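Okay, structure first, notes after.
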Amino acid sequence: MNERIVKRECVDGRVIYVIQQRHFVFRWWWVDAWVNSGCREACKYYFDSHEEAKKNLCYFDGSTSKDTVLK
């Protein structure tokens, strides 16, 4: 497993669900998904509910899109 969802309780009492991945070099470290992209604003990696995070996990688990060429 190279990705997971963690529940994070913020200091202001807010609860968010964060997608984490194994670090791209140090495979034993779990890091927030933005670390592997190098840009915190490059992708949304935290969500307000666990269900929303699960729906978006496909963007981080290596799944690929299918392109169809149309004339």
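Among the residues of the stretch 1-25, those identified as in contact (Cβ under 8 Å) with a residue 12 or more places away in the chain and assigned to a loop (DSSP other than H, G, I, E, B) are Asn2, His23, Phe24. When the stretch 26-62 is filtered for residues that are small (Gly, Ala, Ser) and without any contact (Cβ under 8 Å) to a residue 40 or more places away in the chain, the ones remaining, listed by number, are Ala33, Ser37, Gly38, Ala42, Ser49.
Counting the residues of the stretch 36-71 that are over 14 Å from Arg4 (Cβ atoms) and either among the acidic types (Asp, Glu) or at pLDDT 85 or above (or both) gives 7.
The values are calculated or read from the model by the stated rules, or taken from the named source; none is laboratory data. Everything numeric in this text was worked out from a predicted model, so none of it was measured. Glycine gets a Cβ as well: all are built from the backbone with ideal geometry, and neighbour counts include every protein chain shown.
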